[in-house]
C-alpha cells in the first residue's frame, strides 16, 4: 500500500513536471503587486493561483490561451495598446515594468495553464 | 503642465475628440455608466465600491457611522472654532459658521481665475488672520477640519455649476487630467473609475467617478482621507509622481469631479477598510 502511494506521488510529480519546472517564477511574476500584478485583473483556473473576484481582464486558462503562441503573448505583454488601443493592460515591456526575461517567464507560465 | 515627464506617454484613447462642454460630458458619462450598470442607481455611486458589491455594502452598513468618525469630527470642530491670536476663528471666516458651505466648493475665484477648494479657503482664512497655514495633505489637521465642515453640509446637494467660459476651461483641464494616461502603469483615472467602474481589481470593486465628490472624506484607520488624498494615492498606484497637495492640478481634478456630481448628496465620513 505504502509503495503504491509512493508510486502515485511520483507519477503525480512527473505529470506536473512540465508546469512546475517553469511555473514558480512566472506564477510569482503574475501575482506579485510589484511585478506583473496580473492577478488584480485576471482570474486563474483552480490551483494555478489565488482565487479572487478580479474581472477587469478575462479569466485565463488553457482553453482561452490556445490560440496564443509565445510570440503573440510576448508582443501583447510588451505593449498591449498596439493590439488593443483602448486597453487598460499596462505596457509591461515598453514601460519597463518587467524585464524581457521576466516577460518570457510569464509567457511560459501562461502557456502552461491548465 | 507641472509634470511633463509623467504625462509624456499620455494616450487619450478615452477622451472624446473635442470638448463638448461640462453638461454634455456629464450626460455622456452618466449614459455610459447607466448602460454598463443598469441595476445601480446613480445616487448609489456615492457608496463607492459598495455600490457594486453587496458584501461590501453590508460591511458599510454595519460600520455606519464609522467607528472612528466621532473622534475626527470632535478634533475638526475644535480646530474650526479655535480662537486665533486676534480672537477670530475659522468658523467666523465663512457664512453661517460654515454650515452648508461645502456644497458650493470648489469655486472658481474670478479675481485670481483659479479654483478655490475647501483646503484653499481654509488656508486663505488662516493667512488673512496671520495664522500659520496648514498642509493640504495633513490628515490630522486639514483632514479633520474638512471632515467637520463636510459634516455640516451632510445631506446637502452638491451645487458646483460650470457657468462661464473660464469655468468651462477649468472643468476641461480637470477632465483632461482625469482622462490622461500617466505613470509606469499607463492608467488614467478614467481607466478604473469610468472604463472599468464596478469591475473588480483584486477583490475590490472600482468606484465610479460621479460618486467621488459626494463621499469624501472617508474614514480609514482613524484618519480622514480627503478627495485630494485619494487622487494622490491613486497616482502613486499608477506609478506616477502625485501632483503636490494643494496644487492647481489637484484643484482642477477636484472641480471636474465635483461638477460631475452636482445634484448628488454629500455623504461624508463613511467607513472604509484598508
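Values in this text are rule-based calculations from the coordinates and carry no lab data. As the structure is a prediction and not an experimental result, all values here were calculated from the model. Counting neighbours? That spans all protein chains shown, and the Cβs are built from the backbone with ideal geometry, glycine included.
Numbers at a glance
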read-out	value
Three-way shape call for the stretch A:23-111 based on the alpha-carbon gyration tensor, with the a/c threshold at 1.5	rounded
Packing rank of B:144-151, B:133-140, where each peptide gets the mean count of other beta carbons within 10 Å, highest leading	B:144-151, B:133-140
Most to least packed among B:186-198, B:63-75 [average Cβ atoms within 10 Å]	B:186-198, B:63-75
Prolate/oblate/rounded call for the stretch A:60-114, Cα gyration tensor, a/c under 1.5 rounded	oblate
MRE, 222 nm, helices only [DSSP H, n ≥ 4, -39500 (n - 2.57), over chain B, to nearest 500]	-11000 deg cm²/dmol
Amide N proximity, the stretch B:173-191 versus residue A:34 label position 7 Å along Cα-to-Cβ, cut-off under 18 Å	B:184-185
FRET efficiency, 1/(1 + (r/R0)^6) with R0 41 Å, evaluated for residue B:113 and residue A:53 via beta carbons	0.35
Theoretical gain in end-to-end length, residue B:124 to residue B:23 [0.36 nm per residue, Cα-Cα removed]	33.3 nm
Contact order relative to length of the stretch A:23-111, as percent, for alpha carbon pairs under 8 angstrom and 6 or more apart	32
Cα→Cβ-extended label distance, 7 Å offset, between residue B:104 and residue B:63, nm	3.4
DSSP beta bridge pairing in chain B, given as percent antiparallel to the nearest 5	90
Two-site FRET efficiency, residue B:248 against residue B:161, from Cβ-Cβ distance with R₀ of 25 Å, rounded to 0.05	0.80
Per-residue average of Cβ from other chains inside 10 Å of B:103-113	0
Rounded, prolate or oblate (a/c below 1.5 giving rounded, otherwise prolate when a/b exceeds b/c) for the protein assembly as shown by Cα gyration tensor	prolate
Efficiency of FRET between residue A:100 and residue B:138 - r from beta-carbon atoms, R0 30 angstrom, step 0.05	0.10
Relative packing of peptides A:62-74, B:261-273, B:204-216 - highest average C-beta neighbours within 10 Å first	B:204-216, B:261-273, A:62-74
10 Å Cβ neighbours from other chains, averaged over peptide A:36-48	1
Average other protein chain Cβ within 10 Å of Cβ, residues B:209-219	0
